[in-house]
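Q: One structure coming up, written as C-alpha cells, with questions to follow.
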Amino acid sequence: MINSIRSVLTSLLILALTIIVMPYQYLLNLLNLRYSSKFPILYHKLILNLLNIKIKVKGCLMENPGLIVSNHGSWVDIFLLGSLGELSFIAKMEVSKWPFISFLAKLQKTIFVNRKRPNQLKAVIGEINKRIHNEKIVLFPEGTSSNGNIVLPFKSSLFGIYNINKNTKNYDPIQPISIAYTKLNGLPMSRADRPIIAWYGDMNLISHLWGIIKCGPIDVEITIHEPIHFSETMSRKEIAFKCESKIRSGMINSLYERNIV
C-alpha cells in the first residue's frame, strides 16, 4: 500500500515538473538564449532522481561538437544521456507524432528520421551536417530499442554524414557511449530483470513508466569512451562497425565486472 502511494506521488511529481518546465524551455528556445541548451540538463537530472535511478559515469564527454553514438534499451536512456551535458538527439519519425512526447522532443531540438523512406535520408544527413559542427548530437544506430541484454547490429545509413565531410576541415569526431543497467534494488540485475527497464516492441509507455516507478532503485553504469577520429578512407559501414564493437565491449565489461548473469 505504501509503495503504491509513493508510486502515485512520484508519477504526479514527474507530470507536474514536466508541465512546469515546458513553457520555460519553449521561451528559452524562442528567444535563442544561451541557457536553452543547459536547462534540459537540470530537468533530466530531476527526473532521474524522482525515478530513483543512480548513475555511475566512467569517462568524460568531449568538449568539441560532434556525433555521440550509444546503445539504446529504454526511453530512460534519453534522461541518462541528457543529464550528462548539452545534447540534441536523433529520433525515429514516429516519435514526432506521439502526443506530449513529441513536444518534449522538439523542445530539445530533436532531428527526426524516417527510416522507412530512404529517399529522405539525404535531407536528414544535410540537417545533421549543418548542426554537428556546433552541437553534440546523439545517434542510436540500432534504429530501435533492445531488451537491454544485447547491442543490436548498427544501421550505417546516418554515418553517411562522414562521407560528405571527407577532405574537409570539418571532420568531426565520434564519441561512443555504452549504457548498462546493472542493479535493481541494490542487487545485481539478471538477464530476466533487465527487460523491466527496457522498453521495446509494442510495450505501452505509460504502463512501462509505472513499472519502473514501482520496481525500486536502479543502478546504471555509463561508459564514455574516448572520441574516435576516422581516416578518410573508411566507409560508413566500417565506421558503424567500429562504434558498435566499442559500445558492445563497454556494455559487456560493465555487466561482467558485476558478475551479472
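The values are calculated or read from the model by the stated rules, or taken from the named source; none is laboratory data. Note that the coordinates shown come from a computational prediction; the quantities given were computed from them, not determined experimentally. Ideal geometry is used to build each Cβ from the backbone, glycine not excepted, and the neighbour counts take in all protein chains shown.
Q: Looking only at residues that are part of a helix (DSSP H, G or I) and polar (S, T, N, Q) in the range 87-110, which one is nearest to Thr18 (Cα to Cα)? Don't jump to the end; show me each part of the working.
A: To start, the set of residues in the range 87-110 that are part of a helix (DSSP H, G or I) comprises 93-97, 101-107.
If we keep only those that are polar (S, T, N, Q) as well, we get 96, 102.
Details: Ser96: 18, Ser102: 13 Å.
Of everything passing the filter in the range 87-110, Ser102 is nearest to Thr18 (Cα to Cα).
Q: Tell me whether the range 65-75 contains one or more residues that are loosely packed, with under 15 Cβ neighbours inside 10 Å, in contact (Cβ under 8 Å) with a residue 40 or more places away in the chain, outside any helix (DSSP H, G or I) and of a type in the set (A, V, I, L, M, F, W, C).
A: no
Q: Still on this structure, I have one more. Checking the conditions here, which among Leu48, Leu80, Leu30 is hydrophobic (A, V, I, L, M, F, W, C) and either surrounded by fewer than 18 Cβ atoms within 10 Å (Cβ to Cβ) or more than 20 Å from Pro217 (Cβ to Cβ) (or both)? Full working, then the answer.
A: Details: Leu48 fails: either surrounded by fewer than 18 Cβ atoms within 10 Å (Cβ to Cβ) or more than 20 Å from Pro217 (Cβ to Cβ) (or both); Leu80 fails: either surrounded by fewer than 18 Cβ atoms within 10 Å (Cβ to Cβ) or more than 20 Å from Pro217 (Cβ to Cβ) (or both).
Every option except Leu30 fails the conditions.
Q: Follow-up question, since we're still on this one. Only one residue in Ser4, Ser11, Ser37 is small (Gly, Ala, Ser) and either in contact with a Ser or Thr (Cβ under 7 Å, 6 or more places away or on another chain) or under 22 Å from Asn134 (Cα atoms) (or both), so which one is that? Even if it seems obvious, please write down each step before you answer.
A: Working: Ser4 fails: either in contact with a Ser or Thr (Cβ under 7 Å, 6 or more places away or on another chain) or under 22 Å from Asn134 (Cα atoms) (or both); Ser11 fails: either in contact with a Ser or Thr (Cβ under 7 Å, 6 or more places away or on another chain) or under 22 Å from Asn134 (Cα atoms) (or both).
The unique qualifying residue is Ser37.
Q: Moving to a separate point now. Give the range 8-28 a look and list any residue that's more than 30 Å from Trp210 (Cβ to Cβ) and under 23 Å from the mean Cα position of the chain (by Cα), or say none. Even if it seems obvious, please write down each step before you answer.
A: Residues of the range 8-28 that are more than 30 Å from Trp210 (Cβ to Cβ), as a first pass: 27-28.
Passing the criteria: only Leu28.
Q: Could you please tell me which pairs satisfy a Cβ distance under 7 Å, a separation of 6+ or placement on different chains, a first residue in the range 207-232 that is assigned to a loop (DSSP other than H, G, I, E, B), and a second residue that is among the polar types (S, T, N, Q) and buried (at least 19 other Cβ atoms within 10 Å of the Cβ)?
A: Close Cβ pairs (under 7 Å, with a partner that is among the polar types (S, T, N, Q) and buried (at least 19 other Cβ atoms within 10 Å of the Cβ)) amount to His225/Gln175; Pro227/Gln175.
Q: Output the residues belonging to the range 48-77 that are in contact with a Phe, Trp or Tyr (Cβ under 7 Å, 6 or more places away or on another chain) and at pLDDT 95 or above.
A: Within the range 48-77, Leu48, Ser70 meet the criteria.
Q: Just wondering, is there one or more residues in the range 180-191 that are within 30 Å of Gly126 (Cα to Cα) and either among the charged types (D, E, K, R) or at pLDDT 75 or above (or both)? Quick ask: steps written out before the conclusion?
A: Looking only at the range 180-191, we keep the residues that are within 30 Å of Gly126 (Cα to Cα), and these are none.
There is no residue in the range 180-191 that is within 30 Å of Gly126 (Cα to Cα) and either among the charged types (D, E, K, R) or at pLDDT 75 or above (or both).
Q: List, please: which pairs have Cβ atoms under 6 Å, are six or more places apart or on different chains, and start with a residue in the range 119-132 that is surrounded by 12 or more Cβ atoms within 10 Å (Cβ to Cβ) and end with one that is acidic (Asp, Glu)?
A: Ile132/Asp172
Q: Only residues that are more than 20 Å from Lys237 (Cβ to Cβ) and part of a strand (DSSP E or B): list them for the range 112-132, please.
A: Matches in the range 112-132: Phe112 only.
Q: While we're looking at this one, here's another question. For the range 186-200: of the residues being without any contact (Cβ under 8 Å) to a residue 60 or more places away in the chain and within 17 Å of Ile252 (Cα to Cα), which is surrounded by the most Cβ atoms within 10 Å (Cβ to Cβ)? Talk me through it step by step, then tell me what you get.
A: First, the residues of the range 186-200 that are without any contact (Cβ under 8 Å) to a residue 60 or more places away in the chain: 186-187, 192-193, 195-196.
Filter once more, so that each one left must be within 17 Å of Ile252 (Cα to Cα): 192-193, 195.
On the way: Ala192: 9, Asp193: 20, Pro195: 18.
If we take residues in the range 186-200 being without any contact (Cβ under 8 Å) to a residue 60 or more places away in the chain and within 17 Å of Ile252 (Cα to Cα), then Asp193 is surrounded by the most Cβ atoms within 10 Å (Cβ to Cβ).
Q: If you scan the range 220-234, which residues turn out to be surrounded by fewer than 16 Cβ atoms within 10 Å (Cβ to Cβ) and either modelled with pLDDT of 80 or more or small (Gly, Ala, Ser) (or both)?
A: Residues satisfying the conditions are Glu226, Ser231.
Q: Among residues belonging to the range 133-166 that are among the small types (Gly, Ala, Ser), surrounded by 17 or more Cβ atoms within 10 Å (Cβ to Cβ) and part of a loop (DSSP other than H, G, I, E, B), point out the one that is farthest from the chain's Cα centre (by Cα).
A: Ranking the candidates gives Ser156 first.
Q: Right, something else. Can you name the residue in the range 33-45 that is more than 20 Å from Ile222 (Cβ to Cβ) and assigned to a helix (DSSP H, G or I) and, of all such residues, is modelled with the lowest pLDDT?
A: Arg34
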